[in-house]
1. Quickly estimate the mean residue ellipticity at 222 nm for the chain, helices only: each DSSP H run with n ≥ 4 gives -39500 (n - 2.57), and the total goes over all residues, rounded to 500.
2. Near the amide H of Val161, under 5 Å away, which other amide H atoms are found, from residues 5 or more places off or on another chain, if H is placed in the peptide plane?
3. What are the extents of the Cα atoms of the range 13-198 along their three principal axes, listed from largest to smallest and rounded to whole Å?
4. Under the definition of Cα pairs under 8 Å and six or more residues apart, what whole-number percent is the relative contact order of the range 134-206?
5. So if I take the centroid of the Cα atoms in the range 37-55 and the same for the range 347-365, what is the distance between those two points in Å?
6. Take the chain, connect every pair of alpha-carbon atoms lying under 10 Å apart with a spring to form a Gaussian network, then pick out the residue of Leu361, Leu140, Leu311 with the largest mean-square fluctuation.
7. Apply the a/c threshold of 1.5 to the C-alpha gyration tensor of the range 63-102 and tell me whether it is rounded, prolate or oblate.
8. At most 14 other Cβ atoms within 10 Å and a DSSP loop assignment: could you name the chymotrypsin sites (Phe, Trp or Tyr not before Pro) in the range 90-172 that fit?
Amino acid sequence: MSAPVTVTWSAANARRMGRQFLRTPAKPGEAGPGEVVGAMLGAQAQVSSAAELSVGLRMDGATRQDVREALWGEEPSLVKTYGPRGTIHFLPVAELPLWTGALSAIPGGPSPFKAADRLTESRTEQIVSAIGDALDGARLTIDELGDEVVARTGPWAGDLVLPAFQGVWPRWRSVMHLAGHRGMLCFAPNRGRKVTYTRPPAAGEPPLDAEVATGRLVRRFLYAYGPATPRQYAKWAAAPGAWADAVFASLASSGDIEEVRVEGEPGPSSWVTAGDTEFPEHPEELESVAGVRLLPYFDAYVIASHPRGRLFPGRAYERALAGGQAGNFPVLLIDGVVAGVWHQRRSGRRVTVTVEPLAPLTAARQRDLAGQVERVGEVLEGRAELVVGAVRVGAHA
């Protein structure tokens, strides 16, 4: 057996940026929102405006309206639902069988609820089925959906037992993310200010077989964000580490993935999809082409890329992470690594973008930054102005 390929982190990161449409945004006709989000492996969307910006910045000339049309138009290519880590994501409609098959196969962790408030396996299945039945051909608010679930299951589903942000939620809501993972629930356009839910547009297509979907999603992750270790995949997927170890071992034994060495990383072996071992020979040239980039909250690139210490070097590790967690601050990238944070404030069509670099910028970098701020304004359909200075708001502000 030949020795594993050795790759520098810079080469791996330069390839990652290219595959993320961060080095060169997709040209019109090259990739639409569905294809871009597929390359990202989902766009985290608790803050919908941030997800719209994540996608729009990866497409040459796109605006948030293009992303909204992909979500809510007559022929949607995106769906808003529960994705990796049980968090709200934009996912490609065409890939829902993959996602529902793979996400449903990830073992759950320990329940955070008291034993008396937990659902049995039987009652969990009753609620998931009731959610799917209630949303088939309907668009319901959370209260309307709750009424339908209780009517189809029993009063126990509506017991107010779950601690929530502003009170207590009914028991059935503890499995909403699971209903999303099973393809029974997704978001629909708001009704005024009220969020509504429906069945996904591909609800008639069954999930892929769990083993097939799991292997395919791991290979997709490694293509987008590799080289990566099983534990890095587990962190991205919110999966048990031992389970991820076993999945990677199975894929390695079948020849679907192969080991590589990342120069300077003494930890466990990293992996790529089998045969995917070509990396840029001069990554510093490719990274310099990427230059300056602004990424919003919860951008897929910063959440899924590892190791954290290389992507967030020096002061960036303390300034741009929240307790080691990525995504809570919008970040300034320079040549592929985090080099500052930023914040935007909107007033009508005016968007004020305050950028806090962690080191002085050259004149060329300042011009690049001004161009990026202008692009942020275009995506948000506003007029952007740049302020270079301290960002005084906290994480996820």
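1. Working: 16 runs with 155 residues, N = 397.
One gets -11500 deg cm²/dmol as the mean residue ellipticity at 222 nm.
2. Trp169, Arg171
3. Over the range 13-198, Cα extents along the principal axes are 53, 35, 31 Å.
4. On the way: 87 pairs, mean separation 24.5, N = 73.
After rounding, I find 34 percent.
5. 22
6. Taking springs between Cα atoms under 10 Å, the residue moving most is Leu361.
7. Numbers: a/c = 3.22, a/b = 1.66, b/c = 1.94.
Judged from the Cα gyration tensor, the range 63-102 comes out oblate (a/c at least 1.5, b/c at or above a/b).
8. On the way: sites: Phe90, Trp99, Phe113, Trp156, Phe165, Trp172; in loops: Phe113, Phe165.
Filter output for the range 90-172: Phe113, Phe165.
Every number here is computed from the coordinates shown, using simple stated rules; none is lab data. Quantities reported herein were computed from a predicted structural model and do not represent experimental measurements. Neighbour counts run over all protein chains shown; Cβ positions are idealised from the backbone, glycine included.
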